Amino acid sequence: MEENSSSLVEAIERPDETTAEVSVEITKGVRSLRDLIERVTGKGLVAPEVQEDAGLAEVIPFPFLAIVNQYEMKMALILALINPAVGGVLLIGPRGTGKTTAVRGLLDLLPLVPRSLCYYGCLPEDIETMGIDAVCPDCARKYAEGKPLAVMDRARLVELPLNARLEDVIGGIDERAAIHHRLRLQRGILSQADRNVLYVDEVNLLDDEIINALLDAAAQGNYTVRRGPISATYRSRFILVGSMNPEEGYLRPQIQDRFGLRVIVKGLEDDNERLEAYRRVKAYLANPRLTAAQFRAETEIAREELQLARELLPKVELPDRVAKVGLRWIKELGIESLRAEITLFEAARAFAAADSRQTVEISDLKQVAPMALRLRRSSFMSDYLDHQEKEQAQIRAIIEAT
Ligand SMILES: [Zn+2]
């Protein structure tokens, strides 16, 4: 990419140019996170000559920034990390399009979050927003004594296995304690995901009771488990990322509606991009550590920028004149769900923050509208891909006419 084409819009309009070789100079002159994501896409890799010892069990994820193109998928995931209020991300596409790779690649970009020192996940901000009764008695005492309730810690990526039972997901009786005649609850995956990213691959294949528990916990930010005489309420403020292959099963529209951003992930169409992606995967499989090292500098910047965007987010304002444009689009598209505007506006705020700005512009809405508004109307999953293409064209036409 040329030195002077620093605008994201420009980069999107000329995506083929992003596959051109980019030198290590890339980290110089990066204006913002979105700038970085766009520029690093297409960075050339040198195939390693030395094969590493594959006996090591250490897992090094394929670098997020090494994923060729798939701009919308990358941006949706980044926006969700910047602003959890977008309501999660659903990645829809066939196998082998890099959905799981992208999500696991987030590992290196995860922000710092306050990590509760308490079993129930109490945080000082709970007291600040809801008063002292919002935390457990232990934490209330610690707070009064001026002791910390939390430490800053890197967010984690928690994966929900497809074969998880409801007990595993929400928690249940601790069977090891039960052997010693003690009745105790064991924390489930949902509470372990508090403040973290929860990834559910093949979300369309989960049992209904699990998906309902998951979505309720995500929406409320907490959930209560009752088992016989004991009950406990756990916090569950996680960023939910789901992926699904529509060829393998439907996702009920009411469940689909509960995901904020939806990305249709397709295979790369451009031959050069496919070749580049092939080379990178090959290089990564031969030597994951070297591949990670080649993207380390950019990854480090991206992580810092992401943290800054998160810190800027509370200051980002959505002017009424911009909000009204978004509401008009939603009305014209005939979308009923209130989640449409919540996601649209929160994603636009995150996008502005990713661009280091404090005011949302109509151009921000335009960037995020397709992922926030698509698949909000479809009632039959069987024809939704077909439907989506028409809808995409319509969204584009409406936002371009503004
Ligand atoms: Zn507590």
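Taken together, the values in this text are just the output of simple stated rules run on the coordinates, not laboratory data. Keep in mind that this is a model prediction, so the values were computed, not measured. Here the Cβ positions follow ideal geometry from the backbone for every residue, glycine too, while neighbour counts run over all protein chains shown.
Greater than 31 Å separation of Cα atoms is the criterion. Which listed pairs, Lys74/Lys331; Lys99/Lys147; Lys74/Lys324; Lys315/Lys390; Lys266/Lys366, meet it? Each step should come with its number before you reach the end.
Numbers: Lys74/Lys331 28 Å; Lys99/Lys147 42 Å; Lys74/Lys324 27 Å; Lys315/Lys390 36 Å; Lys266/Lys366 21 Å.
Going by Cα-Cα distance, Lys99/Lys147; Lys315/Lys390 fall outside the 31 Å limit.
For the range 295-392, which GluC sites (Glu not before Pro) are both in a DSSP coil and crowded by at most 12 other Cβ atoms within 10 Å? Can you show the working numbers first?
Working: sites: Glu298, Glu300, Glu304, Glu305, Glu311, Glu317, Glu332, Glu336, Glu341, Glu346, Glu361, Glu389, Glu391; in loops: Glu336, Glu361.
Passing both the DSSP loop test and the Cβ count: Glu336.
Assuming 1.306 mPa s and 10 °C, estimate D for the range 316-400 with Stokes-Einstein, Rh taken as the Kirkwood radius over Cα pairs, in µm²/s.
Values: Rh = 13.1 Å.
D = 122 µm²/s.
Taking each pair of distinct Cα atoms in the range 155-261 once, what is the resulting Kirkwood hydrodynamic radius in Å? Spell out each step's value before the answer.
Working: mean 1/r = 0.0693 Å⁻¹.
Evaluated over the range 155-261, this radius sits at 14.4 Å.
What number in nm² do you get for the range 134-199 if you take the convex hull of its Cα atoms and divide its surface by four? Working shown, then result.
Working: hull surface 25.8 nm².
Convex hull of Cα atoms, orientation-averaged projection: 6.4 nm².
If you average 1/r over every pair of different alpha-carbon atoms in the range 226-375 and take one over that average, what Kirkwood value in Å do you get?
On the way: mean 1/r = 0.0528 Å⁻¹.
One decimal place: 19.0 Å for the Kirkwood radius.
How big is the Rg/Rh ratio for the range 89-137, C-alpha atoms only, Rh by Kirkwood, two decimals?
Values: Rg = 17.6 Å, Rh = 14.1 Å.
That ratio equals 1.25.
Chymotrypsin sites (Phe, Trp or Tyr not before Pro), restricted to the range 207-275: which are DSSP loop and have at most 16 other Cβ atoms within 10 Å?
Numbers: sites: Tyr223, Tyr234, Phe238, Tyr250, Phe259; in loops: Phe238, Tyr250, Phe259.
Those that pass, being in a loop and sparsely packed, are Tyr250.
Percent relative contact order of the range 152-247, based on C-alpha pairs within less than 8 angstrom and at least six residues apart? Show your work: numbers first, answer last.
Numbers: 164 pairs, mean separation 30.6, N = 96.
Relative contact order comes out at 32 percent.
Mind jotting down a quarter of the surface of the convex hull over the alpha carbons of the range 66-180, in square nanometres, one decimal? Before the final figure, lay out the partial values.
Values: hull surface 42.4 nm².
One quarter of the hull surface, i.e. the mean projection, equals 10.6 nm².
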